[in-house]
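First up is the structure itself, then whatever we jot down about it.
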Amino acid sequence: MASRNSTTQSQRVTMKDVARHAGVSQPTVSFVLNDRRDVSIAAETRARVLESAKALNFRPNRAAQSLRSNRSYTVGVIADRLVSQPYAGHIVLGVQQAVQEAGYVCFVVETAQTTDGGKAAVENLVQQGVAGLVYAAPGPEYVTPVDGLDAVPTVFVNCFPQGDAPAVTVLADEFQGGHDVAEAVFAAGHTDVAFLGGPEDDYACRERKRGLDEAATEAGVDPEAIRVHFGTFQVGSGFDLAIEVLTGNRPSAVICGNDRMAVGALMAAQSLGLRCPEDVSIVGFDDQPDLADQMHPPLTTVALPHQQMGFEAGTLLLAAGEQPGRHLVPCEYVPRSSLAAPRPADPKEPE
């Protein structure tokens, strides 16, 4: 037979219990726990209610709250090829962490395998009364949101709506990341540098190249003197472009548009009998898990803040009255052993 104490502990803690513990009225508890900022409540009272709720391990009944307030506690995440990308998938984790802190849950819809681009699934989410939508993609690119959903709060993370329509958008600071990794290359003493980028019209490629140009100018290196080649962000593209730049009058450092291209560049250097970083330094971008740190040598790179981007997107979605605009999340420079000072010229070699 269960003890009286265990029976009491199994009973659900209510707002009435929290009110009694905090010494306030039940409506006050409701206003505080539902974050009603339109009701004037003293900061000390608000803190006491929150402390009592924590002490009693109070868990709100969201289903009942939704019925009473006609307010949904579900956020829809519209993912395009995201769940198949192990690193970009951290965006969903970040969104989930942000909204869970406010008592919401995420419902993820992957649109890559749908014939209608996820239109029916998104419309179904809206019909269910989601509190808002987060559109997410594995790389900064244009997406086409479902028409007729203007009334639903929406945030775009790692993507932007077609036509650059006004929207709340969260992006990695690709410019800052490109600047920081290039700054490290120049600080190591390199002045003869090549850049192997992705597609020339790609947003991330343009921003990373723009950061490189500014870092070069700051280091006293003419950006026009940097050899620039555009490719496809794939290993094979990095290999082919690296073979081209490392044959003949080779640079002392190669800055690659992403880690996959850097892997191709490492393979090209090895096929030419060159050592990294003794003969040529090679750096990447992305800090792709199970790749960048597993290479020989491990890649110097820049980490994309996917999880923080998702957290920022979830936070902005729940923020009332957020104005359209781009919110940039800093990237982190990750130094490893593929970058070193250029080898001094051999005095026996002819100039």
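The values are calculated or read from the model by the stated rules, or taken from the named source; none is laboratory data. Note that this is a predicted model, so its numbers are computed, not measured. Remember, those area values only see protein heavy atoms, side chains included, never the ligands or the DNA or RNA. Shrake-Rupley method; radii C 1.70, N 1.55, O 1.52, S 1.80 Å.
What to note about this one:
- Residue among 258, 57, 124 with the largest mean-square fluctuation in a Gaussian network model of the chain, springs linking Cα atoms under 10 Å: 57
- For residue 154, the residues whose modelled amide H falls within less than 5 Å of its own, excluding neighbours fewer than 5 places apart on the same chain, are 133.
- Between the amide H of residue 338 and those of 300, distances stay under 5 Å, these residues lying 5 or more places away or on another chain, with hydrogens modeled in the peptide plane.
- From helices alone, the chain scores -11500 deg cm²/dmol at 222 nm; the rule is -39500 (n - 2.57) for each run of n ≥ 4 DSSP H residues, then divide by the residue total.
- Degrees, to the nearest 10: 43-55 long Cα axis against longest axis of the chain: 90
- Taking amide H as placed 1.01 Å from N in the peptide plane, the amide H of residue 106 sits under 5 Å from that of 75, each at least 5 places away or on another chain.
- Rounded to the nearest 10 degrees, the inclination of helix 90-100 to the longest alpha-carbon principal axis of the chain is 20 degrees.
- Per-residue HN-Hα couplings for the stretch 301-308 [Karplus 6.51, -1.76, 1.60; θ = phi - 60°; Hz; x = Gly/Pro]: 7, 10, 8, 7, x, 4, 5, 5
- Surface composition of the chain: carbon and sulfur atoms hold 51% of the protein heavy-atom accessible area at a 1.4 Å probe.
- If you bin all the Cα-Cα distances of the chain at 20 Å, starting from zero, the percentages per bin are 26, 42, 24, 8, 0.
- Residues in the stretch 150-156 carry Karplus couplings, in order, of 4, 7, 8, x, 9, 10, 10 Hz; the curve used is 6.51 cos²θ - 1.76 cosθ + 1.60 with θ = phi - 60°, and Gly or Pro positions show x.
- Couplings for the stretch 219-230, taken from phi via the Karplus curve 6.51 cos²θ - 1.76 cosθ + 1.60 with θ = phi - 60°, read 8, x, 9, 5, x, 5, 7, 7, 6, 10, 9, 10 Hz in order; Gly and Pro are left as x.
- Helix 174-187 axis versus longest C-alpha principal axis of the chain: approximately 40°, rounded to the nearest ten.
- Alpha carbon centroid spacing (whole Å) that separates the stretch 158-200 from the stretch 92-130: 29
- Surface/4 of the Cα convex hull for the stretch 194-335, nm²: 9.7
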